[in-house]
Each structure stands twice: as C-alpha cells, then as structure tokens.
Amino acid sequence: MEQVENRGDWYLFDPHEVREVMGFSLEDFYDEKKGDGEWRKKYQACINANLDSKKKVPAIEIMKRIMRSQLETGAPFMFYRDEVNRRNANSHTGMIYCTNLCTEITQNQSPTEFVQQYLTEENAVVKKYKPGDFVVCNLSSVNLGKAVPDNVLERLIKIQVRMLDNVIDINTLPLLQATLTNQKYRAIGLGTFGFHHLLAKEGIEWESEQAVEYTDAIYEKIAYLAISASADLAEEKGSYQVFEGSKWSTGEYFDNRGYDDSEEWMALKERVKETGIRNGYVMAVAPNASTSIIAGSTAGIDPVFKPFYHEEKKDFKMPVTAPDMDHNNYHIYRRSAYIVDQRWSVKQNAMRQKHVDQGISFNMYVPNTIRASVLLDLHLQAWKSGLKTTYYVRSSSTDIEECEWCQ
C-alpha cells in the first residue's frame with residue numbers, strides 16, 4: 001500500500017525460485033515496525049539478486065485490477081499482513097499467513113511437516129508427521145441492540161466466554177491437527193451484531209463523531225469484560241498451553257492498545273500476567289447476516305441495507321422494516337448502507353479494531369458509479385487507520401427500467 005500511495009513500483013517473483021535461490025520464502029516475514037522490518041530487507045535482497053522471474057509492475061496498476069474486480073464481484077478481500085502480525089498476541093509461537101473467508105479469524109498457522117516413514121514387522125508402511133497449527137473457529141456473538149439497552153453485557157459476556165471455552169472440549173473435530181491447535185491456543189471468537197440497531201436505539205447518527213466515540217467506548221467495555229472473563233477461567237482451570245512468552249504474559253498486549261492510562265485496565269493487565277488467561281485469542285467480529293435476521297436485529301457492524309423493503313419469495317411478498325424503527329429513529333435508519341459516507345464507517349471500525357485482538361468482517365458499501373480515486377482513498381484510509389482486514393466491497397446494482405411487456 002505504501003507503493004500504491006507513492007505511485008511506486010512493485011516487484012513480482014516466482015515463490016519457488018525465491019525458495020530455491022535465496023533459501024527463504026518472503027511470506028515467512030513481515031515488517032515488525034511501520035516502514036522497517038525483516039520482510040523489507042528480504043524483499044530488497046530478492047530485487048538485488050536479479051532473479052529470472054523478477055518482474056517490475058507499477059503498484060497502482062495492480063491496485064486498479066483489484067478495485068475493478070471488487071466492483072464487479074465484491075472480491076478480493078484485503079488482508080494487511082504487517083498490521084495483523086504486529087498485533088498478534090501469540091507472535092512468540094508462530095505467524096499469521098492469512099485469514100478465513102469472512103476475514104475475522106487471525107490466528108497462527110503452520111503446515112504439517114513429513115518427518116519419516118518406516119516398515120513395521122508386519123510390512124506395514126508407517127508415516128510420521130509433525131502437526132501444524134490448523135485454525136478452528138469457535139464463534140458466538142452478542143446482540144448489541146438488545147444486550148446494551150437491557151444493561152446485561154457484564155452477565156452475558158461472562159457466560160458467553162465460558163460457553164465458548166466449553167465448546168473446545170466438547171466438539172469432536174475430524175482433523176487431529178485441528179484438535180491439537182484447539183487445545184494449544186484455546187482460541188475463541190466473541191463477536192457482535194446489531195450495531196446500527198444499537199445506534200438507532202441510542203439516537204446516534206451513523207455519520208457523526210459521537211458514533212465514532214461511542215464505538216470506541218462500547219468495544220473497549222466488551223474487550224475488558226471478555227478478557228476479564230477469560231482471566232477468571234484461567235484462575236479456575238488454568239491458562240492455555242503456550243501462554244508463557246505471549247503478549248498477554250508480558251503485558252505488551254495492553255500497552256500496545258493504549259490501556260496504560262487506565263487504572264482498571266492496568267489492574268487487569270497485572271492479574272493476567274500473574275494468573276494467566278484461558279484463551280490465546282478472545283474476540284473476532286463475524287458478519288452474522290443470517291443470525292441477525294433471526295434475532296430481529298441488524299447484520300454485524302454494517303449499516304442497515306434499507307429502512308424498508310419487500311422480501312420476495314415464490315408465492316408471496318413480505319414487507320420488512322429496520323428493527324424497532326419508529327418516528328423517533330427513522331432519520332438514523334434513513335441513511336442506509338449505500339447512502340452513508342463510508343469514511344465514517346472506516347473511522348468507526350478503526351476504533352473497534354483497537355479493542356478486538358483478532359479481525360473484523362468489515363464491508364464497504366459503494367455505488368457502482370464510484371470513481372476509482374474515491375474507492376482508492378477508502379482503501380488507503382482503512383490501511384492507515386490500522387484495520388487488519390476488509391471484507392466485501394458491495395456495490396449497488398444499476399437501476400434498469402422495467403419493460404412493461406416483460407413484466
């Protein structure tokens with residue numbers, strides 16, 4: 001993204017040639033600090049080596065193709081690997097190479113490696129492998145539109161974290177590597193949905209500094225409650241296997257997020273350092289589109305699609321309104337997904353990401369007539385704001401006049 005912003009060049013390489021000639025793979029590194037790091041040095045070494053496969057391309061040309069595809073298909077999704085790995089609470093035991101399809105799971109990954117094979121006395125061939133880290137999604141989400149107004153977050157999140165931790169022991173997984181990784185990190189993904197529903201209930205406009213500040217406050221509270229609940233479980237049942245050496249154990253996790261000016265957070269930091277934490281990964285905000293419909297709320301962290309629309313099935317058409325919409329909050333719902341200024345959505349999500357240790361499924365809603373420079377500015381804002389990932393770029397369809405004869 002630096003090269004895109006500066007209109008610089010990007011060098012492409014054949015990964016196999018890099019491995020064979022240079023003795024390393026570029027994907028095994030990242031920049032530990034902004035503008036400096038091990039990846040940058042390895043990348044420059046590949047440029048200087050004049051590999052046969054080296055190809056120079058203007059970075060903006062690659063970005064143009066990405067954005068064109070996003071407007072046509074919604075994909076590809078963005079994964080800012082430097083930011084993801086800098087914020088990784090368990091960087092002492094591995095690296096995060098990618099995310100899941102919904103872009104909210106960011107956990108350590110590693111391949112299963114072949115060790116040896118041998119014959120038994122019965123002439124059976126036995127192969128031995130060193131298991132890698134196979135990530136497992138253990139997810140559950142809070143309905144913000146209900147939980148916050150009812151003032152039940154403290155009670156709810158404590159129960160939720162315990163239930164998610166129990167899932168790790170109860171579930172039977174088809175891959176042994178996944179079972180081992182589940183036990184190693186005990187990763188959970190406590191998420192949320194119904195954020196626009198909550199704003200409507202609180203009377204807060206989406207496009208406002210108040211909404212940005214409220215996002216910061218509510219997700220800091222959720223993060224505090226989730227981490228506290230996991231620390232309680234650690235006192236009761238013990239920490240996850242590789243807690244020692246993690247950013248949880250050193251306190252770096254709390255310092256990196258600016259919690260050092262809060263007595264409450266510093267007390268939690270010392271408690272975690274002393275007694276541990278049950279789950280190596282705690283929060284992840286999934287899309288929750290279908291779940292939110294069932295729960296009568298709004299999807300994930302997205303603005304509502306429309307305040308009023310018809311859901312059409314084969315034999316009937318059913319009117320649907322935004323949840324709990326009335327004359328007091330219609331003006332908040334009226335600014336629906338394709339109308340709200342997405343720069344405000346990015347600002348909100350930057351505040352949210354600060355408190356979420358994994359990723360967030362964050363959609364960008366744009367008109368299909370959006371100028372390339374505007375979409376590029378949105379991507380650059382997301383990257384500069386510290387977002388780890390972005391999900392779909394959802395563009396509106398072109399309005400086509402209905403043909404009466406076809407009708």
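The values are calculated or read from the model by the stated rules, or taken from the named source; none is laboratory data. Everything quoted here is computed from the prediction, not taken from an experiment. Virtual Cβ from ideal backbone geometry, glycine too; neighbours counted across all protein chains shown.
Which count do you get for residues in the range 19-46 that are loosely packed, with under 13 Cβ neighbours inside 10 Å and touching a strand residue (DSSP E or B) at 6+ places or on another chain (Cβ under 9 Å)? Going through the range 19-46 one residue at a time, the tally reaches 1. Beta carbons closer than 6 Å, at least 6 apart along the sequence or on distinct chains, pair a first residue in the range 101-122 that is in contact (Cβ under 8 Å) with a residue 40 or more places away in the chain with a second that is part of a strand (DSSP E or B) for THR103/THR389; GLU104/VAL285; GLU104/ILE360; THR112/TYR129.
Can you tell me which residue within the range 69-88, out of those that are assigned to a helix (DSSP H, G or I) and of a type in the set (A, V, I, L, M), is surrounded by the most Cβ atoms within 10 Å (Cβ to Cβ)? Lay out the reasoning, then the answer.
First pass over the range 69-88, keeping only residues assigned to a helix (DSSP H, G or I): 69-73, 81-86.
Now restrict to residues that are of a type in the set (A, V, I, L, M): 71, 84.
Numbers: LEU71: 18, VAL84: 21.
By that ranking, first place goes to VAL84.
Every listed requirement among (1) surrounded by 19 or more Cβ atoms within 10 Å (Cβ to Cβ); (2) outside any strand (DSSP E or B) is met by SER141 save one, (2). For the range 1-50, a residue qualifies if it is farther than 20 Å from TYR97 by Cβ and among the aliphatic types (A, V, I, L, M), and the qualifying residues are VAL4, VAL21, ALA45, ILE47, ALA49.
Kindly indicate which of TYR365, TYR338, TYR309 is more than 30 Å from TYR253 (Cα to Cα), in contact with a strand residue (DSSP E or B) (Cβ under 6 Å, 6 or more places away or on another chain), surrounded by 13 or more Cβ atoms within 10 Å (Cβ to Cβ) and at pLDDT 95 or above.
Working: TYR338 fails: at pLDDT 95 or above; TYR309 fails: at pLDDT 95 or above.
Criteria check complete, one pass: TYR365.
Of the residues making up the range 226-246, not a single one is under 27 Å from TYR333 (Cβ atoms), in a helix (DSSP H, G or I), touching a helix residue (DSSP H, G or I) at 6+ places or on another chain (Cβ under 7 Å) and among the acidic types (Asp, Glu). Pairing each residue of the range 314-330 that is touching a residue at least 60 places away in the same chain (Cβ under 8 Å) with any residue that is assigned to a loop (DSSP other than H, G, I, E, B) and small (Gly, Ala, Ser), provided the two are 6+ apart or on different chains, yields C-beta distances under 8 Å for PRO323/GLY194; PRO323/GLY296; PRO323/SER297; ASN328/GLY203; ASN329/GLY203. Counting residues in the range 189-203 that are closer than 23 Å to GLN241 by Cα, modelled with pLDDT of 95 or more and assigned by TED's automatic domain parsing to the domain that holds PHE305 gives one or more.
Taking the stated definitions as given, is ALA229 surrounded by 23 or more Cβ atoms within 10 Å (Cβ to Cβ) and modelled with pLDDT of 95 or more? Yes. Within the range 305-359, which residues are within 25 Å of the chain's Cα centre (by Cα) and among the polar types (S, T, N, Q)? Selection gives SER336, GLN342, SER345, GLN348, ASN349, GLN353, GLN358. In the range 191-205, is there at least one residue being closer than 23 Å to ALA267 by Cα and in contact with a strand residue (DSSP E or B) (Cβ under 8 Å, 6 or more places away or on another chain)? Looking for residues that are closer than 23 Å to ALA267 by Cα and in contact with a strand residue (DSSP E or B) (Cβ under 8 Å, 6 or more places away or on another chain), one finds none in the range 191-205, hence no. The condition (being assigned by TED's automatic domain parsing to the domain that holds GLU213, aromatic (Phe, Trp, Tyr) and in contact with an Asp or Glu (Cβ under 8 Å, 6 or more places away or on another chain)) is satisfied by just one residue among TYR365, TYR338: TYR365. Under the condition of being farther than 20 Å from GLU220 by Cα and assigned to a loop (DSSP other than H, G, I, E, B), the residues counted in the range 277-298 number 4. A Cβ distance below 8 Å, combined with a sequence gap of six or more or placement on separate chains, defines the contacts here; from the range 266-279, residues that are surrounded by 18 or more Cβ atoms within 10 Å (Cβ to Cβ) reach residues that are assigned to a loop (DSSP other than H, G, I, E, B) and among the basic types (Lys, Arg) in the pairs ARG278/ARG186; ASN279/ARG186. With respect to the conditions (1) of a type in the set (A, V, I, L, M); (2) closer than 26 Å to GLY245 by Cα; (3) more than 20 Å from the chain's Cα centre (by Cα), VAL136 falls short on a single one, namely (3).
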